[in-house]
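Heads up: the structure comes next, in structure tokens.
Values in this text are rule-based calculations from the coordinates and carry no lab data. As the structure is a computational prediction, the values presented were derived from the model and not from experiment. Please note: Cβ atoms are built from the backbone with ideal geometry, for glycine as well, and neighbour counts cover all protein chains shown.
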Amino acid sequence: MLETYPKDLGGIDRQALADCIAICFACAQTCTACADACLAEGMVAELTKCIRTNLDCADLCDATGCILSRHTGYDANVTRVALEACLAACKACADECEQHADMHEHCRICAEACRRCEQACERLLASLS
């Protein structure tokens, strides 16, 4: 879709942008699925923080992917703040899921997805500076 945008993207690295959008949406799906898997675990009470962190991360990744997909009337300040919030949520979620990764495969997979998203947000942020 980025290739079809009729105007210049203002110097934004198209590949970093495309990667970040895709990775944000993939991370949102993974975090949602991890939260659901946590709810199905027998020890759900011990996973309350993990579930909350998963859902917060999913929401921020989804919102960031949407914000990054819009270019008309672009505001670099809003983009930066969205990326910073997404990066922080991904770091928190990965840190939390890594604590459960040895016991729950879905948490290991989620932590990996969050780290990928964290890195994609960092790359895009660096290209905006």
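A few points about this structure:
- If you plug the beta carbon distance of residue 112 and residue 72 into 1/(1 + (r/R0)^6) with R0 = 30 Å, you get a FRET efficiency near 0.30.
- Directionally averaged projected area (convex hull, Cα atoms, segment 12-128), nm²: 6.3 nm²
- Computed lengthening from residue 59 to residue 103, 0.36 nm per intervening residue step minus Cα-Cα distance: 13.3 nm
- Taking the helices alone, the chain has a mean residue ellipticity at 222 nm of -26000 deg cm²/dmol, built from -39,500 (n - 2.57) per DSSP H run of at least 4 residues and averaged over all its residues.
- Most to least packed among 55-65, 117-127, 98-108, 37-47 [average Cβ atoms within 10 Å]: 55-65, 117-127, 98-108, 37-47
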